[in-house]
Amino acid sequence: KAGVTQTPRYLIKTRGQQVTLSCSPISGHRSVSWYQQTPGQGLQFLFEYFSETQRNKGNFPGRFSGRQFSNSRSEMNVSTLELGDSALYLCASSLEYRDGYTFGSGTRLTVV
Amino acid sequence: AQKVTQAQTEISVVEKEDVTLDCVYETRDTTYYLFWYKQPPSGELVFLIRRNSFDEQNEISGRYSWNFQKSTSSFNFTITASQVVDSAVYFCALIQGGYSTLTFGKGTMLLVSP
């Protein structure tokens, strides 16, 4: 059974650019969540999608957005990148959130 | 609001020592779920265990054991006879009530030396 797949693994972008990260959940999982991990703030929740609808949203500026497709694959987009957006972005999927989430290996974004 | 505190930032032990990672949580809900995840240098968060608020039974899985105590709002994790491969960052996390999002602690970095 394939795990959660995130692409790309590494990304270097210039300040002011935009970026799109992709996540393919485990087959059958309809819930996809995104987390940002930085040394200073730790793991912070970005947003969660369930059946193509945003179910929850964390406390991040509007530059951070996401979407989920009918096949449950999800993308997150960050516009007008800032140096502080440099982080590991983790995607997680779940069949039932009470049972916990399975995480992908993450996309490490560096903004220069 | 919910909160997870992992007071130990970093722990260093020598192989074969036992080590306990502490986790204290705060939540106003009577229904909640607690988790431990392991993050090796590769970055992926690996699920270790889940506990719901109605099940205080402690659990042992191989060298791992978990002690859940609602009276002290703690969910501690013990590794017996640690090994170098146990070196990683360990996160305790909470899902509260009807919400579906994980609240993580800051993590404890465990370094096991040969």
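Nothing in this text is a laboratory measurement; each read-out follows from the coordinates by a stated rule. Only a predicted model underlies this, so the values are computations on that prediction, with no experimental measurement involved. Note that each Cβ is placed from the backbone with ideal geometry, even for glycine, and that neighbours are counted across all protein chains shown.
For the range A:3-44 and the range B:4-47, compute the distance between their C-alpha centroids and round to whole Å. Spelled out, the Cα-based centre of one part sits 22 Å from the other.
Computed from the C-beta positions of B:Glu17 and B:Ser73, the FRET efficiency with R₀ = 22 Å rounds to 0.25. Peptides A:69-76, B:102-109, A:11-18 ranked from most to least packed by the mean count of surrounding Cβ atoms within 10 Å: B:102-109, A:69-76, A:11-18. Think of each Lys and Arg Cβ as +1 and each Asp and Glu Cβ as -1; about the Cα centre, that makes the dipole of chain B roughly 240 debye. Summarising the label geometry, the points placed 7 Å from Cα in the beta-carbon direction at B:Phe47 and A:Ser27 lie 1.8 nm from one another. Identify the residues of the range B:64-98 with backbone N under 18 Å of a label point that sits 7 angstrom from the Cα of B:Thr31 along the Cα-to-Cβ direction, or state none. Answer for this model: B:94-98. Karplus-derived 3J(HN,Hα) values for the range B:91-105, using 6.51 cos²θ - 1.76 cosθ + 1.60 with θ = phi - 60°, are 10, 9, 9, 9, 10, 9, x, x, 7, 10, 9, 8, 9, 9, x Hz; glycine and proline are entered as x. Could you state the number of Å between the C-alpha centres of the range B:50-68 and the range A:45-112? A separation of 29 Å, based on Cα centres. A simple charge model with +1 on the Cβ of Lys and Arg, -1 on the Cβ of Asp and Glu and nothing else charged puts the dipole of the protein assembly as shown at about 680 debye relative to its Cα centre.
Per-peptide packing, taken as the mean over residues of other Cβ atoms within 10 Å, places A:45-57, A:24-36 in the sequence A:24-36, A:45-57 from highest down.
With the charge dipole of the range A:27-88 set up from +1 on Lys and Arg Cβ and -1 on Asp and Glu Cβ about the Cα centre, the Cα lying farthest toward the positive end among the listed residues A:Gln36, A:Phe60, A:Ser72 is that of A:Ser72. Legend: calculated FRET efficiency, A:Arg73 to A:Leu11, from the Cβ-Cβ distance at R0 = 25 Å, rounded to 0.05, equals 0.90. Across peptide B:95-102, the mean count of Cβ atoms from other chains lying within 10 Å of each residue's own Cβ comes to 6. Taken residue by residue and averaged, Cβ atoms of other chains lying within 10 Å of the Cβ of A:15-28 number 0.
Across the range A:21-26, coupling constants 3J(HN,Hα) worked out from phi with the 6.51/-1.76/1.60 Karplus curve, θ = phi - 60°, read 10, 10, 9, 10, x, 5 Hz, and Gly and Pro carry x.
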